[in-house]
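Data block below; observations after.
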Amino acid sequence: MKCKKVAVIKASALFLLSFMILLAGCSPMNETSIAANTKQQGTSMNTQQKSDSKSFEPARKKNGEKIIIGFSQRRVAGSDWYTNLIRGAEEQAKKQDVKLIVLDAQGDVAKQVSGVEDLIAQNVDAVIMNPQDSSGVIPATNKLAQRKIPLVAVNSNLDAKANPITFVSDDPRDTGYKAGWELAKAASEKFGNKVIKAAMVSGYPKEVVSQYRRNGMISGWTDFMLEKYGKSNLELVAERFGNWVPDKALPEMQDIATSHPDLQVVFCMSDVMLPGIFTALKNTGLSGKTLVGSIDGTKEAIRKVSDPKSGLVVTVSNDPRVQGADAVKMAIKVVQGKQVPSIHYIDNPVITKKNAKELYDSNSSY
């Protein structure tokens with residue numbers, strides 16, 4: 001009888017312990033754990049790169065030969081984002097002992113086409129391309145197809161006729177949506193449900209990534225305002241194009257701000273253009289008065305988001321180093337005959353005043 005009682009007590013204790021573990025596993029994430037998760041997603045690649053360097057073996061073709069990858073980059077000068085895109089690719093190629101040949105088209109479509117021809121002549125096994133013009137480079141992509149050289153698009157997608165094996169990027173519509181939602185939230189806190197005068201500084205006219213980000217931003221803003229007030233309150237007075245660089249964005253933003261001294265909000269498509277935008281706002285007396293939402297998650301943008309006086313209320317991460325590294329990984333897999341997804345999106349965590357100080361890394365290269 002005593003043995004039976006002991007068995008019952010043990011069984012009851014075991015059941016209670018299992019129940020407590022189940023409750024712990026099912027409890028919702030608190031704010032601290034959510035912040036920790038966001039921080040893990042949003043931090044720079046420095047820590048990840050250190051651990052990854054031990055996990056990659058030299059990549060080879062099926063016959064054991066070294067892999068050669070060409071990288072056709074639309075432009076480098078004037079953009080830290082493009083510089084870090086190439087840096088990410090080069091570091092990944094080094095880790096996997098792959099030869100990477102990078103050619104800079106310097107913003108010239110014809111030069112990008114001829115550059116791809118040069119890569120073909122160098123017997124590359126695959127080509128990564130960030131196109132200056134999605135359809136203008138078709139003559140080059142046709143030659144790649146004729147020679148059965150796989151093509152990986154990165155950052156800016158290609159025309160469907162180019163038929164890339166995969167596209168590596170952030171999800172531009174989702175990234176834009178997140179930025180638009182948070183910008184609308186900040187505008188609601190500052191201005192209420194009044195009509196908001198806003199302007200937009202995009203990359204290039206008719207560029208797919210610019211269009212997707214723009215549409216995402218407007219959708220995010222509209223959804224927030226509809227849920228909050230049951231109406232849209234956005235008066236978009238202008239869209240201009242800064243070609244993804246600050247010196248081009250500055251005069252465009254200054255012209256808008258001069259024409260609309262009551263401007264309240266700016267949608268910016270890239271943190272790279274922010275120095276030009278903030279200079280223009282300062283020159284026109286709107287510094288600190290106008291709210292800005294942006295995309296890319298650069299170190300300087302994160303620092304500004306943490307400063308309530310800067311006017312920058314949100315940036316959404318789009319790490320070029322991750323895009324560059326992942327593009328190389330995809331190219332290697334394709335050369336080795338492995339399957340890859342047709343679209344590969346990187347993580348794009350949101351950075352606001354709530355988590356900016358946690359995510360800021362003064363040692364980041366980006």
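The values are calculated or read from the model by the stated rules, or taken from the named source; none is laboratory data. Worth saying up front: this structure is predicted, and the values here are computed from it rather than measured. Don't worry about glycine lacking a Cβ; one is built from the backbone with ideal geometry, like all the others, and counts go over all protein chains shown. Side chains are part of the model used for accessible areas, which takes the heavy atoms of the whole protein and leaves out ligands, DNA and RNA. Shrake-Rupley method; radii C 1.70, N 1.55, O 1.52, S 1.80 Å.
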From the gyration tensor of the Cα coordinates in the chain, what semi-axes in whole Å does the equivalent ellipsoid have, largest first, with each one equal to sqrt(5λ)?
38, 35, 17
May I ask you to give the solvent-accessible area per residue for the chain, in square angstrom, as obtained with a 1.4 angstrom probe?
49
Can you quote the Å³ per residue value for the convex hull of the Cα atoms in the range 199-355, rounded to an integer?
135
State whether the range 202-284 is rounded, prolate or oblate according to the following rule on the C-alpha gyration tensor (a ≥ b ≥ c being the square roots of its eigenvalues): a/c under 1.5 gives rounded; otherwise a/b larger than b/c gives prolate, and the remaining case gives oblate.
oblate
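How large is the charge dipole for the range 121-237, taken about the Cα centre, if only the Cβ atoms of Lys, Arg (+1) and Asp, Glu (-1) carry charge, to the nearest 20 debye?
It comes to approximately 200 debye.
Rounded, prolate or oblate for the range 242-314? Axes are the square roots of the Cα gyration tensor eigenvalues, ordered a ≥ b ≥ c, and the cut-off for rounded is a/c under 1.5.
Values: a/c = 1.96, a/b = 1.21, b/c = 1.62.
Since a/c reaches 1.5 but b/c is at least a/b, the shape of the range 242-314 is classed as oblate.
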Fraction of the pair-distance distribution of the range 147-194 above 12 Å, Cα-Cα pairs, percent
71
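Suppose we keep just the DSSP beta bridges with both residues in the chain; what percent of those would be antiparallel, to 5? List each step's numbers first, then the result.
Values: 3 of 42 bridges.
Taking every DSSP beta bridge with both residues in the chain, the antiparallel ones total about 5 percent.
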On a C-alpha basis, how far is the centre of the range 66-118 from the centre of the range 292-332 in Å? Whole number, if you could?
20
The range 128-241: equivalent-ellipsoid semi-axes (sqrt of 5 x gyration tensor eigenvalues, Cα, Å):
37, 13, 9
When all C-alpha to C-alpha distances in the range 267-366 are sorted into bins of 10 Å, what percent of pairs does each bin hold, rounded to whole numbers?
15, 39, 24, 14, 6, 1
In debye, nearest 20, what is the charge dipole magnitude of the chain about its Cα centre with +1 on Lys and Arg Cβ and -1 on Asp and Glu Cβ, if you could check?
1420
Determine the share of the chain's accessible area contributed by carbon and sulfur atoms, expressed in whole percent, with a 1.4 angstrom probe.
53
